[in-house]
Amino acid sequence: MQNKLVKLSSTAVLALALISCVVISVFALPSFDKSKTLTITTDKETYSANEDVKVNVKFTNASDSDLSGVLLKADLPQGLKEKNGKSLKVFSDSVQKNGNISLEFVAVSDDGSVSPATPTEGGNVQPTGSSTQPTGSGTQPTGSGVQPTGSNNSGSSSSNNTSANTTSANTTASDGKAVNTGSGIAYLIIVLSVLAVSAVLVYVFRKNKKATAMLSLVLCAGIITTIAAPVAKVSAEGNADAFYGFEQKKVINIDGTDYTIEAEVKINYNGEDIPTDPSVPEEPEQYTISNIRNYIVGINEPVELADGTKTPLINFDNAATTPAFTAVMNEVNKELGMYGSIGRGYSQKSDHSTDVYNDTREKVKKFLGVTEDYSYDYTCVYVNNTTDGLNKLASALIKSKNDIVLTTRIEHHSNDLSWRERCKVIYAEVDEQGRVKYDDIERLLKENKVKLVSVTAASNVTGYVTDVHRVAKLAHKYGAKIVVDGAQIVAHRKFSMIGDTPEENIDFFVFSAHKMYTPYGGGAIVGTTEGLNEGMPDVYGGGTIDIVGDDWETYKQAPGSYEAGSPNYPSVVGLSKAIDVMSDIGFDDIEAHEKALNRRLINGLKAMDNIILYGDTENIDDRVGVVTFKFSDINSLTLATKIKEVGGVATRRGAFCAHPYVWRLMGIPDEQVHTYEHCADVKTPGMIRISFGIYNTEEEVDQFLARLPIAKQKAIEYVESIPIEEMRPQPQF
Ligand SMILES: Cc1ncc(COP(=O)(O)O)c(C=O)c1O
């Protein structure tokens with residue numbers, strides 16, 4: 001009887017073990033196993049050199065929670081490079097649920113130069129047809145980055161590429177099955193452990209110890225249900241080790257050699273241990289001009305051209321705003337983990353954020369040359385941007401409509417209208433080449449009781465650097481204070497608010513963080529503590545006060561009095577990091593690099609027919625990386641549009657928020673400007689501006705110079721096709 005019971009029990013244990021395996025398989029694993037697939041398809045199986053390879057990676061049935069931890073990567077075969085040069089590790093936000101990711105590869109030669117993608121007219125640099133092929137020498141790209149590596153880069157062979165590219169990506173070659181290694185391993189572990197426990201139980205029963213056997217049975221059943229099932233679920237869904245859920249490989253053949261493309265999807269259901277994006281590089285030991293390009297967010301992000309092809313943007317619009325440093329982005333992401341209310345909360349996070357926020361004030365001051373000796377004399381106030389800073393200063397310092405502010409005709413509107421709307425403004429003129437006339441500043445100072453002189457350190461139109469210390473000396477000599485609009489200098493030249501002598505010191509300096517690789521908004525005024533406390537801006541609220549009664553209040557001193565409302569913490573964190581990166585590169589190198597880019601661009605442009613260049617093109621040492629031009633035979637609006645659409649280059653066009661200066665440079669009298677009020681854009685005068693960032697290269701300049709004539713030809717064809725006569729551009733603009 002006892003033997004029977006033991007046999008029965010051991011059979012029951014085995015049955016229970018098997019049922020557990022089945023239950024675990026049915027409930028825990030299939031949701032992971034069967035509903036998702038990962039496929040790699042290519043347009044062909046066999047390629048020749050210089051042919052583009054279109055790879056399509058598809059991950060289906062991903063749920064929203066999957067996407068929080070999906071890592072999709074494809075390891076590139078040697079000799080292939082993704083078309084836009086970016087790493088093929090794509091994070092979940094760019095993975096469409098159930099969507100496709102189309103990755104295109106191009107052959108790369110040993111020197112690293114990339115074969116161009118399907119050449120189209122102007123689009124990817126290479127003109128295709130003879131009809132769009134301009135004849136001038138400037139039409140061929142000269143930089144290595146745009147030179148095809150193989151022989152089939154000419155107009156005729158480009159058709160090969162075209163056919164390769166236009167082949168449907170759905171002419172699927174073999175697309176394998178997902179390996180799903182993670183769940184396989186999990187499954188194996190669980191089954192093995194269940195079987196092992198069962199074996200132990202059976203062994204115990206066979207020893208004929210009834211009580212022990214029954215106890216073990218109960219215990220083991222409990223263990224199986226309470227431990228094995230959750231373990232199965234956790235393992236299946238991705239535990240802290242976050243195993244790879246799916247991997248996929250596909251072999252393609254290029255010029256007789258097999259290459260394997262791999263894709264993996266890493267799933268982390270429980271939201272922990274989300275892998276860090278390997279495409280975001282670690283910080284290098286030293287940032288330099290030559291490596292900074294690897295540390296710019298979105299540098300290889302393709303943009304779509306008018307013909308539908310995609311190419312990485314050449315960004316020559318850095319005077320408007322700059323992309324983020326990866327270090328800035330990473331630092332902001334990191335700091336958000338310890339983010340708490342600044343100056344208001346009682347928590348470790350609050351304390352930490354407040355420290356970072358306030359310590360950065362000191363760093364900003366140091367960055368602007370405010371040495372230890374002057375540390376107490378100067379205060380850093382955070383603002384939203386330069387415009388906000390100048391308006392806050394004007395609001396705080398201007399006491400009467402009769403106050404006189406002296407500025408110049410080179411200024412951005414932000415350093416003109418912010419004063420003009422509040423008091424009397426007088427303007428020093430610029431000379432024929434557009435430089436500020438220092439003698440005019442002195443004349444006006446002599447003739448007027450000037451309260452403030454406000455000048456830009458570098459022009460956003462011509463890039464001219466004004467000797468603001470010389471202006472400071474003049475201002476102080478006549479009892480005025482000096483405000484410097486630093487928007488265009490901070491990312492381009494070493495700047496110190498402290499001059500060689502105390503009279504040359506700058507009283508107030510304003511700049512934007514987004515023009516120095518921190519596009520989170522923000523910026524700062526650094527000013528003398530005494531000067532800032534002469535008033536407070538007309539912006540009131542939380543953060544500005546010491547104490548408030550029923551009908552009375554006492555306000556803080558600067559910086560608090562200038563910072564109403566909750567602060568913009570990411571911008572401060574980012575700014576702090578951007579200062580580190582720029583200082584690491586060093587402003588001597590930055591300046592030299594920009595001068596080389598300026599020289600190359602100006603020389604290239606000068607060689608073109610009907611070109612008009614603004615500013616001094618011979619002595620360019622006092623110009624930051626800004627070059628403005630137009631052609632006499634095409635309006636700037638249509639041309640800039642075509643540069644964007646067929647050239648893939650970001651420029652800016654118009655009068656750059658510095659209208660009076662631009663009209664002067666273009667020789668358009670004020671009376672005539674009135675005629676453009678509310679007129680069609682195409683007839684409004686304007687220039688095209690190229691403005692460099694530290695990551696731009698000479699190759700990009702060459703590419704631009706090659707694409708410009710193509711874009712211009714397209715622009716001319718376009719305006720000739722406009723039927724309404726009055727919409728035709730005025731040739732002189
Ligand atoms: C010389 C100059 N000053 C002020 C500004 C205004 O900067 P923000 O738009 O960041 O306020 C700009 C912007 O381009 C500028 O170039």
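Each reported figure results from applying straightforward, stated rules to the coordinates on display, with no laboratory input. All values derive from a computational prediction rather than experimental measurement. Positions of Cβ are backbone-derived with ideal geometry, glycine not excepted, and every protein chain shown enters the neighbour counts.
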Sorted by average packing, counted as other Cβ atoms within 10 angstrom per residue and highest first, what order do 614-621, 689-696, 327-334 take?
689-696, 327-334, 614-621
Return the sequence-ordered ³J(HN,Hα) values of segment 319-333 in whole Hz as given by the Karplus equation 6.51 cos²θ - 1.76 cosθ + 1.60 applied to θ = phi - 60°, using x for Gly and Pro.
6, 6, 7, 10, x, 7, 5, 4, 4, 5, 4, 5, 5, 4, 4
Mind sorting Asp633, Asp258 by how few other Cβ atoms lie within 10 Å of their own Cβ, fewest first?
Asp258, Asp633
Extension gain, Asn402 back to Ser347 (0.36 nm per residue minus Cα-Cα distance, nm)
15.0 nm
On a full-extension model of 0.36 nm per residue, what is the gain between Ser48 and Ala12, subtracting their alpha-carbon distance, rounded to one decimal in nm?
6.6 nm
Got a sec to turn the phi values of segment 365-378 into Karplus ³J(HN,Hα) couplings, 6.51 cos²θ - 1.76 cosθ + 1.60 with θ = phi - 60°, whole Hz, x for Gly and Pro?
4, 4, 4, 9, x, 7, 6, 3, 4, 9, 3, 6, 7, 10
Taking other Cβ within 10 Å of each residue's Cβ, how do Lys446, Lys401 sort, fewest first?
Lys401, Lys446
Directionally averaged shadow of segment 476-611, computed from the convex hull of its alpha-carbon atoms, nm²
12.9
Could you derive backbone 3J(HN,Hα) for segment 612-622 from the dihedral phi with the Karplus parameters 6.51, -1.76 and 1.60 (θ = phi - 60°), listing whole Hz in sequence and x where the residue is Gly or Pro?
10, 10, 9, x, 6, 9, 9, 8, 10, 5, 9
Using a Debye calculation, one point per C-alpha and no hydration shell, please list log10 I(q)/I(0) for segment 345-584 at q = 0.13, 0.17 Å⁻¹ in order.
-0.76, -1.29
Set the Förster distance to 60 Å, then compute FRET efficiency between Glu429 and Asp355 from the Cβ-Cβ distance, nearest 0.05.
0.80
Taking a label point 7 Å from the Cα of Asp538 along Cα-to-Cβ, the residues of segment 401-438 whose backbone nitrogen sits under 15 Å from it are 401-403, 417-424
Neighbour counts of other C-beta atoms within 10 Å: give me Met666, Met582, Met497 arranged from fewest to most.
Met666, Met582, Met497
In nm, give the distance between the simple-model label positions of Gln286 and Lys334, each being 7 Å from the Cα along the Cα-to-Cβ direction.
2.1
Grab the Cα-Cα distance for Phe587 and Ile722, subtract it from 0.36 nm times how many residues apart they are, and report the gain in nm with one decimal.
43.8 nm
